[in-house]
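The values are calculated or read from the model by the stated rules, or taken from the named source; none is laboratory data. Quantities reported herein were computed from a predicted structural model and do not represent experimental measurements. What goes into the accessible areas is simple: the full protein's heavy atoms, side chains included, and nothing from ligands, DNA or RNA. Shrake-Rupley method; radii C 1.70, N 1.55, O 1.52, S 1.80 Å.
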Amino acid sequence: MDTQHTASPPTPATPDPAPPECAGFVELSVRLTGFGEFDLRGTGMVRLYHDTTLDQLGRPAVGRFLDDLAAAGGDPGALADEVSRDIARAITHLWYLGVWPPLARATHTALGREKPNTAFVVSPEAWTEGLAWRTFHGHPPGARPPGFGTWADPPPRRPRPGG
């Protein structure tokens, strides 16, 4: 046996852990997306999406949104304010597609932001980590091929509630 080549394999670089303030963002995202914390953190996008949201909306707008959500009992579907509903839609869109969407014109005006109101992909990894692929056990074209012949197999069945 050749003992000169027994070095342990290199350890893959781990992403920066999400800062403590991201815990609230994850909790919010669980409510907006329907995916659990484990799945959201597993994408590696928490910090990037948190920072993108703050950058696009500003801390005061995010604070008002969180206050509105608390007043709605934590239910995004019960949000009464149009701006808050649009913010919830934008964050959900970000998680599912990896794209920050343009806000409604009225929302953009109400926020008074000087940022352009255009859609953009937040990073190349955001495309492959989008939750949309997980909803139907699919794979992002050109990024994660499922393997030869796998198109012939039916997708896994959805688990039944309660077992």
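Numbers below:
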quantity: P(r), alpha carbons of segment 59-149 - 10 Å bins starting at zero, rounded %; calculated: 15, 38, 29, 14, 4, 0
quantity: Accessible surface ranking that places the most exposed of 109, 92, 43, 118 first, with a 1.4 angstrom probe; calculated: 109, 118, 92, 43
